[in-house]
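Read the structure below first, then the notes.
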Amino acid sequence: MTTSSSAPSPSAADYTLDELRVVLAPEIARAAVFDGWTDQALTQAAALAGIDPAVARLAYPGGAMDMIAAWIGSTDARMRGAFADGSLAGLKIRERIRALLLFRLDSVTGQEEALRRALAIQAMPQNLARTARLGWNSADLMWRLAGDTATDYNHYTKRALLAGIYTAALAVFLDDESEGKVETRAFLDRRIDGVMKFEKLKAQWLQPRDRFDVARFLGRLRYPAR
């Protein structure tokens, strides 16, 4: 669910606090480009949505970090909606992951300053644990949308790797002044290729193979082949 910046939603007064957090998050992010993740940005977003600022503040009791978490959550929701039609089904797994990562990066294009400020807040020691959880959740959603059904330790390694790629891509994205962010796209391609090669090697290594049989070895010592 999203709001228009040109007109308030007619049902704004009916939102629950959980809904309000997601609805206001994109507007707060736009205001954060200039005002940072502050009460001023929150007040501006609430005014555009036709919501009492006092009510809006109730949706973000944790201040800036709550606003940032809601922004990430709104991106997750838009990504889920954008790919719910099964449009990824005909693509190879690396292309699915690439499409999902690019969707997230494209969604914050033009809001680089808000992103830069958000990352600085997330990097504060008191926010690191929550930041890690948010990154994990987004990586988990991307893998699920890509069709991953792993339930063993691969479930965890895939998500850890993807969260790392996404974090690194954000850093490149922020400093990328190339036309159409082509440097970021090239960076993503290299990193995804690296992960795919790693997964292939890991799969080969874990394939069933002849294992060392202690009993047979001891038997040969006692009764050597003639």
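Of the residues ARG144, ARG104, ARG130, ARG96, the single one that is within 15 Å of the chain's Cα centre (by Cα) and over 21 Å from ALA69 (Cβ atoms) is ARG96. Residue count for region 29-81 satisfying the condition of being at pLDDT below 95 and β-branched (Val, Ile, Thr): 2.
When region 145-155 is filtered for residues that are modelled with pLDDT of 90 or more, part of a helix (DSSP H, G or I) and surrounded by fewer than 13 Cβ atoms within 10 Å (Cβ to Cβ), nothing remains. For region 113-127, the set of residues classified as in contact with a Leu (Cβ under 7 Å, 6 or more places away or on another chain) and among the charged types (D, E, K, R) consists of ARG116 only. Of the helices (runs of 4 or more DSSP H) entirely within region 12-63, those holding at least 1 residues that are acidic (Asp, Glu) occupy 17-35, 39-49. Among the residues of region 78-97, those that are of a type in the set (Lys, Arg), surrounded by fewer than 18 Cβ atoms within 10 Å (Cβ to Cβ) and in contact (Cβ under 8 Å) with a residue 24 or more places away in the chain comprise ARG78, ARG80, ARG94.
The values are calculated or read from the model by the stated rules, or taken from the named source; none is laboratory data. Predicted, not measured: the structure shown is a model, and the values here were computed from it. Glycine also receives a Cβ, built like all others from the backbone with ideal geometry; neighbour counts cover every protein chain displayed.
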